[in-house]
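These notes are about the structure you will find just below.
Read-outs: derived from the displayed coordinates by stated rules, not from any lab. Since this is a predicted model, take the numbers as computed values, not measurements. Virtual Cβ from ideal backbone geometry, glycine too; neighbours counted across all protein chains shown.
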Amino acid sequence: MAPPAGRLRPWRNLAIFAGIVAVLYSLVFLTGGGGATPKLGIDLQGGTRVTLTARTVDGRPPSRESLDQARQIIEQRVNGIGVSGAEVVLDGTNLIITVPGENGDQARTLGQTAKLYFRPVLSEEPAGTSAPVPGPHPPNPPTPAAPAPSAPSSVGSAPAESADPWVAEQIRQARARLQSPDPAVQQQTLATLNCALPNPLRGSDDPNLPLITCDQHHTAKYLLGPAFLSGEQISSASAGPNQEGTGYEVRLRFKHQGEDIWAQYTANNVGKQSAFVLDGAVVSAPQVLAAIPPGQPTSITGSFTQAEAQTLANVLKYGSLPLSFQSSESETVSATLGLASLRAGLLAGALGLAVVFVYCLFYYRALGVLTILSLALSGLIVYAVLVLLGRWIGFTLDLAGVAGFIVAIGITADSFVIFFERLKDEVRDGRTFRSAVPRAWVRARRTILSADAVSFLAAAVLYVLAVGQVKGFAFTLGMSTVLDLVVVFLATHPLVAMASQSRLLSQPRLSGLGAAQRAGAESRAGLATAGKGA
């Protein structure tokens, strides 16, 4: 016979909870290809801290506005490489990037200025006598490119000279050699250029002049014409496998003005090379195989690894920095202190849980056992969610997050206490354990929902307003509050209902409700005696 409408079906709720756990752990073990452990923050697993020192073209101290803008762009780049738990903070004129885990190499590239120009290739030579030219270059030397279409509005103006006389003189000397319009000087400079030396015009080349430079791998050197298009005309950039070969590529889409300029250039220069120059170094110099109409994407191909392609796409996608930065310090952060703090925190949490367990067993008996079981189920589901969030959104668990979970354990235990005390009230009123469960649940449910709603709202406000590790505390507190409702509604309530239907567990000496029954009986007896006396 089917149960009456509104009656709890504990096995159905427990089956739903078991299904949720099964799905979560199936995702944990069957997807992602990583270990079944949460990602840890820099204070627990160590990482890399990079200090970037700001430099301005005129040598003056950078403005606060430009520093704030640079910090925001670098934070976007950090998010773009899939790193969570990272911090980007201002320290005077320095930006300090702290990245957990093994993303140190990527963190060191986050401060590049990302000035991208498109230049025609006039000449190309190997950097050494035995070094082959990599990338999608044609086997024969290319024909000098035709003059690029005029696009003064799309290419930046010449950089200003430095206010520091020594720096300004160094830039002028480098520009006189590397950006000379004299063909004789160009040929001599190209022949003697040493790609192993640092580029003195990194991020400071004049887009309106020719440029002699090397590729990023120091295996080829180029004579390039004036830039005809700026990276500011890029509307989007994404990385992926090369659709027409091996390796990886970066796919670009231009803004409306850039589309027209690029379409005109490719139509007039089929069979010739165009160099994509990032901060004065050639990242790729592919041959124009066909005209690219406006609206179609363009691919930057070369000897990219997946990480290199993704880094370049993120840098281009999130824009150029308003300042030039130099990596002045890079260090590896040890997790020894954080692990010691974690052990101390976990030990304190374990001792606290042990005290809670002893109290529950002494005060609630069988209901105390259900409290312990519910907390264990809550930990089971929280662990799976942590692993999956680490894979899907890069969430990392730090000490502040651990503190959020410990606080949330108290909130979860409070939900059980509210339910059990409501149950005792019903028993004192003369109801049996079995009949008291549904009435107690209806009364306790509203209180539990209200308390968890307030807790979640506080965590959400804290997450929005806070910065740094406090966000981790707020995130774990809010997540645990939501999961608390799942456990209470789908596990704790059905388990208590099943216990009330058991002859063994419903015995007063085991259920922990004996004292409430005796108090209720004495109260009713006293009322009856008083009534007779009246």
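Overview of values
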read-out	value
Descending Cα extents along the principal axes, the range 160-264, whole Å	45, 30, 27
Where labels lie 7 Å past Cα in the beta-carbon direction, separation of L339 and A15 in nm	4.6
Whole-Hz ³J(HN,Hα) from phi, Karplus 6.51 cos²θ - 1.76 cosθ + 1.60, for the range 255-260, glycine and proline x	6, 4, 5, x, 4, 5
By average C-beta atoms within 10 angstrom, highest first, the peptides 366-376, 285-295	366-376, 285-295
Spin-label pair L90/L347, simplified geometry with 7 Å Cα→Cβ offset, distance in nm	4.2
Length added when fully stretched, N194-E169, from 0.36 nm per residue minus Cα-Cα	6.9 nm
Separation in nanometres of the label points that stand 7 Å from Cα toward Cβ, at L289 and Q326	4.2
Förster radius 60 Å - calculated FRET efficiency between V185 and V442, Cβ distance, rounded to 0.05	0.10
D398, D279 arranged by Cβ crowding within 10 Å, fewest neighbours leading	D279, D398
Estimated FRET transfer efficiency (F29, E244; beta-carbon r; R0 25 Å; 0.05)	0.10
Average silhouette area of the range 374-493, convex hull of alpha-carbon atoms, in square nanometres	7.4
Sorted by Cβ density within 10 Å, fewest first, the residues K39, K272	K272, K39
Relative contact order, percent, the range 229-280 [alpha-carbon distance under 8 Å, six or more residues apart]	30
